[in-house]
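K.L.:
Pasting a structure below so you can have a look.
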Amino acid sequence: MKIAFVGKGGSGKTTLSSLFIRHLAAMGAPVIAVDADINQHLGPALGLDDEQAADLPAMGARLPLIKDYLRGSNPRIASADTMIKTTPPGEGSRLLRVRENNPVYDACARPVELDGGAVRLMVTGPFTEADLGVSCYHSKTGAVELCLNHLVDGRDEYVVVDMTAGSDSFASGMFTRFDMTFLVAEPTRKGVSVYRQYKEYARDFGVTLKVVGNKVQGQDDLDFLRAEVGDDLLVTVGHSDWVRAMEKGRPPRFDLLEEPNAAALRTLRSTADAAYAGRDWERYTRQMVHFHLKNAQSWGNAKTGADLAAQVDPGFVLRESVAAPA
């Protein structure tokens, strides 16, 4: 299952995504955790110290390797240099699977040991001083989008992505790559403003969106969220001494997380798992192609000097049963 955590800056989306990742690991599930926010806080939230977090390999810096591997023997892609963030897979492309080992994971993923198990962590890489004035953050997250386009995951396998803050992810097609999107919202007007944007933008793309109310301190906060987001409100999370200790770098054992918050995480997982039955690989592939053609016409053709529409394999549908190329 591909799961995104979104929300405005400061809403607690990274904290909630890290708790959900810990919950999945404690249940023994295979997990790939992806930090797609250029602020890069997911590693520390999973217990890495500053030095360990800084040493994580940036996916954006390894984009040529990623492209070369995913291209495989796809005859529609003339060279790895003509691949862009939205390039879809086709016959001959190499796909990524959650449980396997491959050169992309070798280069970009690092194991993070948690008290309930271990997860693979991948990061876009921070926005550096060299990027100022010449790049936008999409130059970093493009590697994440390309990998998601080529990733096949099954039931009880999880890819959890901590997305960039706000509604900026709508600048690409990455917001359609998920089975479930959890929007973390505080009980404030600003807290629900991103929800309204997401709801409106996602309406035509079949995005499954549920709201996680965070920093909820009483009935008035709960009533406010219910009035603003209605049935999209799934669970709420309140104060946590466990989280406060984690933020100080001294997390207790995960099984000591407060029961109301642990119950909220169980609800998140059961809700995400229920989305599996509604998977539509044909729609997923159509959306992939839709955004690729838009990006090709807007800037990709000019940048690569190629007709990127020719990369689309009209007979290919990404699905769990797609065989690996020989």
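K.L.:
What's the total number of residues in the range 201-222 that are farther than 21 Å from residue 2 by Cα, part of a helix (DSSP H, G or I) and either in contact (Cβ under 8 Å) with a residue 40 or more places away in the chain or open to solvent by 70 Å² or more (accessible area, probe 1.4 Å) (or both)?
P.N.:
Just the residues of the range 201-222 that are farther than 21 Å from residue 2 by Cα, to begin with: 214-222.
Going one step further and asking which of them are part of a helix (DSSP H, G or I), we end up with 219-222.
Going one step further and asking which of them are either in contact (Cβ under 8 Å) with a residue 40 or more places away in the chain or open to solvent by 70 Å² or more (accessible area, probe 1.4 Å) (or both), we end up with 219-220.
Count: 2.
K.L.:
Answer yes or no as to whether residue 3 is crowded, with 20+ Cβ neighbours inside 10 Å and out of contact with any Asp or Glu (no Cβ under 7 Å at 6 or more places or on another chain). Quick ask: steps written out before the conclusion?
P.N.:
Numbers: crowded, with 20+ Cβ neighbours inside 10 Å: yes; out of contact with any Asp or Glu (no Cβ under 7 Å at 6 or more places or on another chain): no.
Judged against the criteria, residue 3 is not a match.
K.L.:
Within the bounds of the range 169-183, is there any residue that is charged (D, E, K, R), open to solvent by less than 60 Å² (accessible area, probe 1.4 Å), out of contact with any helix residue (DSSP H, G or I) (no Cβ under 6 Å at 6 or more places or on another chain) and under 30 Å from residue 319 (Cβ atoms)? Even if it seems obvious, please write down each step before you answer.
P.N.:
Of the range 169-183, the ones charged (D, E, K, R) are 177, 179.
Imposing the further condition that a residue be open to solvent by less than 60 Å² (accessible area, probe 1.4 Å) reduces the set to 177, 179.
Next, from what is left, pick out any that are out of contact with any helix residue (DSSP H, G or I) (no Cβ under 6 Å at 6 or more places or on another chain): none.
No, there is no match, as no residue in the range 169-183 is charged (D, E, K, R), open to solvent by less than 60 Å² (accessible area, probe 1.4 Å), out of contact with any helix residue (DSSP H, G or I) (no Cβ under 6 Å at 6 or more places or on another chain) and under 30 Å from residue 319 (Cβ atoms).
K.L.:
Sticking with this structure for a sec: Which pairs have Cβ atoms under 8 Å, sit 6 or more apart or on different chains, and link a residue in the range 279-291 that is closer than 11 Å to residue 316 by Cβ to one that is of a type in the set (Phe, Trp, Tyr)?
P.N.:
Listed by first residue and then by second, the contacts come to 285/316.
K.L.:
Within the range 26-38, which residues are surrounded by fewer than 21 Cβ atoms within 10 Å (Cβ to Cβ) and out of contact with any Phe, Trp or Tyr (no Cβ under 8 Å at 6 or more places or on another chain)?
P.N.:
27, 28
K.L.:
Determine whether the range 117-132 contains at least one residue that is at pLDDT below 80, acidic (Asp, Glu) and part of a helix (DSSP H, G or I). Steps first, answer last, please.
P.N.:
If we filter the range 117-132 for residues that are at pLDDT below 80, which is where we start, we get 125-132.
Retained after the next criterion (residues that are acidic (Asp, Glu)): 129, 131.
This time we only want the ones that are part of a helix (DSSP H, G or I), so: 129, 131.
Yes; the residues of the range 117-132 include at least one that is at pLDDT below 80, acidic (Asp, Glu) and part of a helix (DSSP H, G or I).
K.L.:
With respect to the numbered conditions (1) within 25 Å of the chain's Cα centre (by Cα); (2) loosely packed, with under 15 Cβ neighbours inside 10 Å, which one is the sole condition not fulfilled by residue 227?
P.N.:
If we test residue 227 against (1) within 25 Å of the chain's Cα centre (by Cα); (2) loosely packed, with under 15 Cβ neighbours inside 10 Å, just (1) comes out false.
Yes/no per residue for (1) under 17 Å from residue 77 (Cα atoms); (2) surrounded by 14 or more Cβ atoms within 10 Å (Cβ to Cβ); (3) modelled with pLDDT of 95 or more:
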| position | (1), (2), (3) |
| --- | --- |
| 289 | yes, yes, yes |
| 296 | yes, yes, yes |
| 302 | yes, no, yes |
| 316 | yes, yes, yes |
| 320 | no, no, no |
| 323 | no, no, no |
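K.L.:
Kindly provide the set of residues from the range 105-127 that are open to solvent by 60 Å² or more (accessible area, probe 1.4 Å) and not charged (D, E, K, R), ordered by number. Outline the logic, then answer.
P.N.:
So the first thing to find is which residues in the range 105-127 are open to solvent by 60 Å² or more (accessible area, probe 1.4 Å), and the list is 106, 110-111, 113, 115, 126-127.
Correct list: 111, 126, 127.
K.L.:
Quick check on residue 23: is it under 17 Å from the mean Cα position of the chain (by Cα) and open to solvent by 60 Å² or more (accessible area, probe 1.4 Å)? Full working, then the answer.
P.N.:
Values: under 17 Å from the mean Cα position of the chain (by Cα): yes; open to solvent by 60 Å² or more (accessible area, probe 1.4 Å): no.
For residue 23, the condition - under 17 Å from the mean Cα position of the chain (by Cα) and open to solvent by 60 Å² or more (accessible area, probe 1.4 Å) - is not met.
K.L.:
Also, I was wondering about something else. From the list 82, 86, 14, pick out the single residue that is buried (at least 24 other Cβ atoms within 10 Å of the Cβ), of a type outside the set (Lys, Arg) and over 24 Å from residue 264 (Cα atoms). Lay out the reasoning, then the answer.
P.N.:
Working: 82 fails: buried (at least 24 other Cβ atoms within 10 Å of the Cβ); 14 fails: over 24 Å from residue 264 (Cα atoms).
It is 86.
K.L.:
While we're looking at this one, here's another question. If I filter the range 93-104 for residues that are closer than 21 Å to residue 246 by Cβ and either surrounded by fewer than 20 Cβ atoms within 10 Å (Cβ to Cβ) or under 14 Å from the mean Cα position of the chain (by Cα) (or both), do I get at least one hit? Let's see the steps before the verdict.
P.N.:
If we filter the range 93-104 for residues that are closer than 21 Å to residue 246 by Cβ, which is where we start, we get none.
No; the residues of the range 93-104 include none that is closer than 21 Å to residue 246 by Cβ and either surrounded by fewer than 20 Cβ atoms within 10 Å (Cβ to Cβ) or under 14 Å from the mean Cα position of the chain (by Cα) (or both).
K.L.:
Of the residues that sit in the range 258-287 and are of a type in the set (Asp, Glu) and exposed (fewer than 13 other Cβ atoms within 10 Å of the Cβ), which one is nearest to residue 214 (Cα to Cα)?
P.N.:
Step one: filter the range 258-287 for residues of a type in the set (Asp, Glu), giving 258-259, 273, 280, 282.
Add one more test, that the residue is exposed (fewer than 13 other Cβ atoms within 10 Å of the Cβ), and what stays is 259, 280, 282.
Details: 259: 16, 280: 31, 282: 35 Å.
Here the answer is 259.
The values are calculated or read from the model by the stated rules, or taken from the named source; none is laboratory data. Not measured: the values here are computed from a predicted model. Neighbour counts run over all protein chains shown; Cβ positions are idealised from the backbone, glycine included. Please note that ligands, DNA and RNA were not included when accessible areas were found on the heavy atoms of the full protein model with its side chains. Shrake-Rupley method; radii C 1.70, N 1.55, O 1.52, S 1.80 Å.
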